[in-house]
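Only one structure is covered here, and it is reproduced in the block below.
Here, each number is a calculation from the coordinates, and none is a lab measurement. Small disclaimer: the values here were computed from a predicted structure and weren't measured. Neighbour counts are summed over all protein chains in view; Cβ atoms, including those assigned to glycine, are modelled from backbone coordinates with ideal geometry.
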Amino acid sequence: MSDFWNQKYAREDYFYGEQPNDFLRSQAFRLPPAARILVIGDGEGRNGVWLAQQGFDVSTVDYSAVACQKARALAARRGVMLDSHCADLLTWDWPVAAFDAVVSIFLHFEPSDRQQIHQRIAHSLRPQGLLIVELFHPNQLNYRSGGPKAVEMLVTADDLRADWPQLDWLLLVEGETRLTEGVGHEGTGWVTHGVARRSA
Ligand SMILES: C[S@@+](CC[C@H](N)C(=O)[O-])C[C@H]1O[C@@H](n2cnc3c(N)ncnc32)[C@H](O)[C@@H]1O
């Protein structure tokens, strides 16, 4: 599958643009100053690099070598440090209780892999750590603005509640949104997004 992503990213410009995801930007006020943040499936780095520019200590993981190289180039261009790991999240050695926040934006899996990754996220958070997540909802199949075409890879708010019984949701919403994220996500779409906290 990383070949699939390498091909998508094999272009001069950034497939999802160079600006951060709108939901992440809107929720970043919740992050404590200088927080240690893990951004998973960060692609070409638009979200991780933007968080680093806000003064956070950012680690990213993506298994596309092309994405990692473009993320590192974007960080260098913006003059920020990015601890970029080029690795498969299904086999990566996840740090435990290590992060003040984990960010997962449009990182879709088959259900059994999704549940495994979502448990890894929960265990990688410090007590009181925050999760910021945005994923496409099954209603996205009615739109042409991007995302997987297989319904089992799309998620509802109930799926996320079931995946993370140990997290408390501060916000969890399903609904229509306007996407302007490069050529990859363009137009009206339907997402599930939220912010959750690990209890102490
Ligand atoms: C839809 S893109 C989103 C990229 C980025 N989050 C953004 O919003 O710009 C999904 C990303 O997840 C990465 N990815 C998918 N499965 C992965 C896995 N098992 N391990 C690491 N990265 C993965 C892909 O390489 C791709 O960059």
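Here the spin labels are modelled as points 7 Å beyond Cα on the Cα-Cβ line, and at residue 178 and residue 76 they lie 3.6 nm apart.
Please give me the summed charge of the neighbours of residue 87: other residues whose Cβ is under 11 Å from its Cβ, Lys and Arg +1, Asp and Glu -1. Walk me through the numbers on the way to the answer.
Details: positive: none; negative: 62, 88, 93.
Value of the local net charge: -3.
Shown here for segment 123-200: chymotrypsin sites (Phe, Trp or Tyr not before Pro) in loop regions (DSSP other than H, G, I, E, B) with at most 12 other Cβ atoms within 10 Å, of which there are none.
Rounded to the nearest 0.05, what FRET efficiency is calculated for residue 54 and residue 152 with R0 set to 22 Å and r the Cβ-Cβ distance? Intermediate results must be reported in sequence, preceding the final value.
Numbers: r = 35 Å, r/R0 = 1.58.
Working from the Cβ atoms, E equals 0.05.
For 62, 3, 163, the sequence from fewest to most other C-beta atoms within 10 Å is 3, 163, 62.
Close amide-amide hydrogen proximity is noted between residue 129 and 198, each under 5 Å apart and 5 or more residues distant or on a separate chain (H modeled in the peptide plane; Pro and chain starts excluded).
Between the C-alpha center of segment 5-38 and that of segment 105-127 there is a gap of 18 Å. Note that segment 71-77 has calculated 3J(HN,Hα) couplings of 5, 5, 5, 5, 4, 5, 4 Hz, one per residue in order, obtained from phi through the Karplus relation 6.51 cos²θ - 1.76 cosθ + 1.60 (θ = phi - 60°); glycine and proline are x. Given R0 = 25 Å, the distance between the Cβ atoms of residue 12 and residue 144 translates into a calculated FRET efficiency of 0.55. Backbone amide hydrogens, once placed in the peptide plane, bring residue 43 within less than 5 Å of nothing, excluding anything fewer than 5 places away on its chain. Hey, if you put +1 on the Cβ of every Lys and Arg and -1 on every Asp and Glu Cβ in segment 1-91, which of 6, 74, 40 ends up farthest toward the positive end of that dipole? The Cα lying farthest towards the positive end belongs to 74.
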